[in-house]
Every structure is written in structure tokens, then in C-alpha cells.
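The values are calculated or read from the model by the stated rules, or taken from the named source; none is laboratory data. What you are looking at is a predicted structure, and each value in this text was computed from that prediction instead of being measured. For neighbour counting, all protein chains shown are included, and Cβ atoms are generated from backbone atoms with ideal geometry for every residue, glycine included. Note: areas computed on protein heavy atoms with side chains; ligands, DNA, RNA excluded. Shrake-Rupley method; radii C 1.70, N 1.55, O 1.52, S 1.80 Å.
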Amino acid sequence: MNETLTVLLDALPFVLQGAAVTVTAVVGAMFLGLFIGVPLAVGQVYGGRAVRFVCDTYVWFFRGVPILVLLFLFYFGLFNFIGLNLNAVAAATIVLGMTSGAYQSQIFRGSILSLPKGQLKAARALGMSDALAIRAIILPQALRLSIPGWSNEYSIILKDSALAFVLGASEIMARTHFVASRTYQHLPLYVSAAVLYFLLTWAGVAALRVLEKRVRIKGYVH
Amino acid sequence: MKTNDKTPLMRVQGLSVRLGGREILKSVSLDLYEGEMKVLIGPSGGGKSTLLQCMNYLILSDRGEIELEDRHVDPHNARELCGFRQQVGMIFQDFNLFDHLTAVDNVSIALRKVRGMGKTEARDRAMAELSRVGLSDKARLYPAELSGGQKQRVSIARALAMDPKVMLLDEPTSALDPELVSEVLTVIRSLAQNGMTMVMATHQMGFTRALADEVLFMQEGCIIEQGSPKELLAEGSGTRTLDFCSQILEVEGCTP
Ligand SMILES: Nc1ncnc2c1ncn2[C@@H]1O[C@H](COP(=O)(O)OP(=O)(O)O)[C@@H](O)[C@H]1O
Ligand SMILES: [Mg+2]
């Protein structure tokens with residue numbers, strides 16, 4: 001028992017550094033997914049036939065291929081092929097972000113479609129271009145509505161980020177595995193990793209709930 | 001109020017629209033003179049909303065011409081289209097306020113982003129418009145905190161801020177509780193008295209009698225009767241308009 005505690009305490013700083021790597025990758029992937037997901041959603045809702053086809057194809061590809069396959073495909077395949085020399089964490093962040101973009105686009109798309117149609121009409125009637133109306137009227141409302149879906153997406157990416165371990169990214173899972181394979185304290189170490197993931201999920205979801213309250217519009221029930 | 005000697009401010013000629021395989025507007029024409037108030041009435045589904053939205057290019061007609069001050073607009077030219085729409089204000093039945101913006105921001109956003117006004121200038125102008133519709137004290141409230149009548153007055157202020165030459169109003173009081181109708185009609189009345197050129201779809205008959213220069217009765221995509229409210233609504237005139245109006249008045253439980 002004492003030995004277990006010693007191993008855990010010794011491993012803690014090492015694994016916590018892994019948590020910093022995990023959080024960096026997840027936050028990076030969330031933002032990359034946001035920057036990819038918003039134009040995808042706008043393209044899917046307002047785009048012409050060609051734009052919709054491109055957006056749909058992107059979404060279907062990233063939703064249809066397992067993340068593990070995508071990680072290998074991009075890290076060992078595509079990035080090498082185009083001569084992009086990325087470390088494992090950066091590569092995993094990009095792959096997670098691109099995948100998340102596909103999922104986030106579906107969250108935003110749902111939010112955009114749930115807004116009353118008349119808002120766009122009213123904006124056009126005031127002389128706004130569609131681009132301006134989408135930017136100034138539609139997206140500020142759609143993004144607010146997307147926060148609950150976004151926090152769900154966060155918890156999913158957080159868990160998917162453990163897969164980056166297979167590329168050799170030194171995140172929580174990789175470091176836990178490293179210590180466990182040397183000390184043979186598998187059970188307590190993986191329980192700790194599980195608790196750590198749980199705490200990160202909880203903290204992120206709580207933070208997004210605070211954000212949701214902060215940007216809430218008075219009296220607005222949707 | 002009418003100035004028939006001049007050329008019309010806005011001219012609609014032979015507007016036809018097909019939607020979903022059906023002919024919704026069948027060659028509708030009207031001439032709108034400066035300072036004039038035209039009222040569209042007629043059964044639901046007759047094409048009033050479609051006509052009003054066509055007049056602002058929110059719906060593109062298949063055939064027909066729209067001219068504002070003798071100028072024709074190419075609706076596929078974004079710059080011309082936006083310029084045109086700024087001059088033709090639109091009021092919707094269900095207000096269509098921007099739910100994420102306060103009343104004053106609803107009014108000022110187009111001033112800033114379309115007109116390119118500075119923040120303070122736009123805000124001052126928006127406040128002036130809000131006070132014109134009697135809502136200075138509600139400027140900081142969000143749409144969800146306003147009553148229906150207040151929302152519609154904000155939407156009128158929002159349209160007026162763009163200095164439109166024409167206002168199109170699509171049943172502006174139909175979504176309101178009865179006790180809130182008059183505050184909106186009061187605002188529209190004062191616009192009419194100040195010489196605003198307007199086309200309004202409405203079933204408010206008292207208002208129409210008092211203020212309309214011309215009544216257009218629309219049914220199945222055509223204007224089938226038009227004339228002054230006096231002519232069309234005269235007792236025993238036998239018009240479709242009178243017939244229709246006595247029906248709505250009966251339902252509302254009062255006499256014409
Ligand atoms: N986008 C659309 N597609 C197909 N039919 C439509 C569309 N919009 C309106 N209509 C039809 O056009 C007709 C006229 O509608 P509308 O202009 O709203 O009439 P009103 O305002 O007089 O009630 C109705 O029969 C309606 O069902
Ligand atoms: Mg209508």
C-alpha cells in the first residue's frame with residue numbers, strides 16, 4: 001500500500017505535465033474545429049450546390065473514418081508526404097481539430113437552422129449583404145445556442161485525445177502507460193488517469209457553463 | 001396628400017411570381033406616389049406578403065419591373081440591391097427583431113455596418129428614432145423583454161433610421177394582442193401624417209378608412225379591385241372589398 005502511494009506521488013508531476021499536453025491539444029483542437037466548423041456550417045446552410053457538396057464531403061469523410069486511422073493517415077502518411085515535419089502533439093491536435101470541425105459544423109448548422117427565418121430577411125431588408133447578415137446577426141445567435149453542444153464536443157475530444165498516445169505524444173495516457181509499464185502498478189495508475197480525465201471533463205464543462213451564463217441574452221428562451 | 005400630377009415615386013409593373021410550381025402573383029402593377037398610403041387587403045393566401053417582399057427584392061419575381069424614382073435595379077448586383085433596400089423599409093408581421101441585440105442596437109446596427117456611421121453618431125440617431133416611436137426608456141432592453149407592441153415599434157424605428165423613401169408594412173398589427181394594436185397604429189398614423197409613402201397590408205378597417213389614399217383588394221395573386229376607401233367601402237357599393245370587410249368585422253363582433 002505504501003509502495004503504491006510512493007509510486008503515485010512520484011508519478012504525479014510527470015503525469016500532470018501530460019495533462020498540460022492533453023489540455024493544449026484539446027483546446028487547440030476545439031479552436032481549430034471552431035474555425036473549420038463555422039464556415040462549413042455556413043456553407044452547408046447558405047451555400048450553392050458546389051459549396052454544399054464540398055462541405056458535405058468534408059463532413060462525411062471525417063465522420064466516417066475512425067480517428068485512429070486518421071491519426072496514422074495524417075501523421076505517417078500525408079504530413080510526411082507533403083514534407084511537413086510536425087511533432088506528434090501538433091499532428092494529433094490538427095487531426096483532432098479537423099475531425100472536430102466536421103462534428104462542430106453539425107452543431108452550428110443545427111443552431112443556424114433553429115433561428116427564426118425572418119431574421120435574415122429583416123437584415124437583408126435593411127440593406128445588409130448576406131455575408132454581413134450572417135456575420136453580424138446569424139452567427140452571434142447561433143454560437144450562443146451552440147455552447148451546450150460545444151461542451152459535449154469538448155468531452156468527446158478530450159477522450160479522443162488519449163489516442164494521440166499511439167503517435168507517441170506525451171500526454172496523460174502515454175505518461176501513465178510509461179510509468180505503469182515500469183512500476184507494474186497498473187490499477188492505481190490507470191485509476192488516477194481516469195480520475196484526471198474526469199476532472200478535466202468536469203472543469204471544461206463547468207467553464208463552458210459559466211461562458212453560457214455570461215453571454216446569455218436577458219429574457220431569451222429558445 | 002396625393003400628388004397625381006407627378007411621376008410615381010415607385011412603380012411596379014407586371015410582377016409575376018411562381019413559387020412551388022404555383023403562380024402566386026399574376027402580373028400585378030401599382031403606382032405609388034410620394035406621400036401616398038396604399039392599403040392591401042384580401043383573404044389570407046392572396047399574395048399580399050409575396051407582393052410586399054417582391055417590392056424589396058426579398059423575393060425575386062419571374063417577370064415584371066420595379067422602379068424607384070425612375071431607376072431600375074439589377075437585383076443580382078449586390079451593391080445596387082443593398083442601396084435599393086436601404087431606401088425601401090420593411091416591417092414584418094412578427095417583427096423580426098435581432099434577438100441578441102438591445103432595442104437601441106437593433107436600430108443602430110445597420111447604421112454602423114451598412115451606412116458606416118461611427119458608434120456615437122449611430123447611437124444618437126437610434127435614440128432619436130426610438131424616442132420618435134415613444135420608446136426612449138426601453139433602449140437598453142432586449143427584444144425578449146419587450147411587449148409585442150413595443151417590439152413592432154422598435155422594428156419601425158429600425159426601418160426609419162435608414163431614411164427610407166418608401167415603407168412596406170406587412171400586417172404590422174396582426175400578431176399583437178388587441179390591447180397593443182393601437183400603440184402601433186398611432187406610430188404608423190403619425191408617419192402617414194408626416195408624408196411617409198407607404199404600402200401596408202392590414203385588416204384594420206377603421207384605420208384604412210381614415211388614412212388610406214387607395215385600397216387594393218388582392219385575391220389569388222391579382223389586384224381585383226382598387227379605389228379610395230370611400231368608393232370601395234361605401235354602404236351598398238356591392239364591391240368584393242366591402243363584402244370581405246363586413247365578414248372580418250362580423251367576426252370581430254362590431255359593425256362597419
Ligand atoms: N416559398 C413558397 N413556396 C410556395 N408557396 C408559397 C411560398 N410562399 C408563399 N406561398 C404561397 O403563396 C400564396 C400567397 O401567400 P402570401 O403572399 O403569404 O399571401 P397573404 O400575405 O396575402 O396571406 C399562398 O398560397 C402561399 O401558400
Ligand atoms: Mg401575409
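Observations
- Contact order normalised by residue count of chain B, Cα under 8 Å, 6+ apart, percent: 25 percent
- Candidate aspartates and glutamates - alpha carbon under 18 Å from A:K218, same-chain residues fewer than 8 apart omitted: B:D99, B:D105, B:D137, B:E145
- Sites listed here are trypsin sites (Lys or Arg not before Pro) in the stretch A:136-222 whose DSSP assignment is loop and whose Cβ has at most 16 other Cβ atoms within 10 Å: A:R216, A:K218.
- Principal axes of the stretch A:2-214: Cα extent on each, largest first, Å: 72, 44, 23
- Test item: Cα-centred dipole of the stretch A:2-214, Lys/Arg +1 and Asp/Glu -1 on Cβ, debye: 920 debye
- 31 Å Cα-Cα threshold exceeded, pairs from A:K213/B:K113; B:K138/B:K230; A:K159/B:K113; A:K121/B:K230; A:K117/B:K38: B:K138/B:K230; A:K159/B:K113; A:K121/B:K230
- Inter-label distance, nm, simple model (7 Å from Cα along the C-beta direction), A:R216/A:A194: 3.4 nm
- Viscosity 0.692 mPa s, temperature 37 °C, Stokes-Einstein D of the protein assembly as shown from Kirkwood C-alpha radius, µm²/s: 125 µm²/s
- Counting DSSP beta bridges with both ends in chain B, the antiparallel % (nearest 5): 55 percent
- Placed amide H near B:E225: partners under 5 Å, 5+ positions off or other chain: B:F217
- Whole-Hz couplings from phi, Karplus 6.51/-1.76/1.60, listed for the stretch B:179-189; x for Gly and Pro: 6, 9, 5, 5, 5, 6, 4, 4, 5, 5, 4
- Normalised by 2.2 N^0.38 Å, where N is the number of residues, the C-alpha radius of gyration of the stretch B:178-256 stands at 1.12.
- Computed over the stretch A:1-159: relative contact order in percent, which uses C-alpha pairs under 8 Å that are six or more apart: 31 percent
- The A:H186 and B:R63 beta-carbon pair, evaluated with R₀ = 56 Å, returns a calculated FRET efficiency of approximately 0.15.
- Prolate is the label for the stretch A:7-97, because the ratio a/c of its alpha-carbon gyration tensor axes (a ≥ b ≥ c) is 1.5 or higher and a/b is greater than b/c.
- Within the full protein context, the accessible area of A:K117 is estimated at about 150 Å² for a probe radius of 1.4 Å.
- The 3J(HN,Hα) values that the Karplus relation (6.51, -1.76, 1.60; θ = phi - 60°) gives for the stretch A:64-75 are, in residue order, x, 10, x, 4, 4, 5, 4, 4, 5, 4, 7, 5 Hz. Gly and Pro appear as x.
- Computed from point charges on the beta carbon alone (+1 for Lys and Arg, -1 for Asp and Glu), the dipole magnitude for the protein assembly as shown about its Cα centre is near 1260 Debye.
- Chain B packed on chain A takes about 2000 Å² of accessible surface away from a 1.4 Å probe, both sides summed.
- For chain B, the Cβ-based charge dipole about the Cα centre amounts to some 800 debye (Lys, Arg positive; Asp, Glu negative; other atoms uncharged).
- Distance-filtered residues of the stretch A:140-175 - backbone nitrogen under 17 Å, label point 7 angstrom along A:F76 Cα→Cβ: A:163-169
- Once the 1.4 Å probe is applied to the protein heavy atoms, chain A comes out at 52 Å² accessible per residue.
- Gap separating the Cα centres of the stretch A:192-214 and the stretch B:187-208, nearest whole Å: 55 Å
- Proximity of backbone amide H atoms, modeled 1.01 Å from N, is registered between B:M198 and B:E36, B:M37, B:K38, B:M167 at under 5 Å, excluding neighbours fewer than 5 places apart on the same chain.
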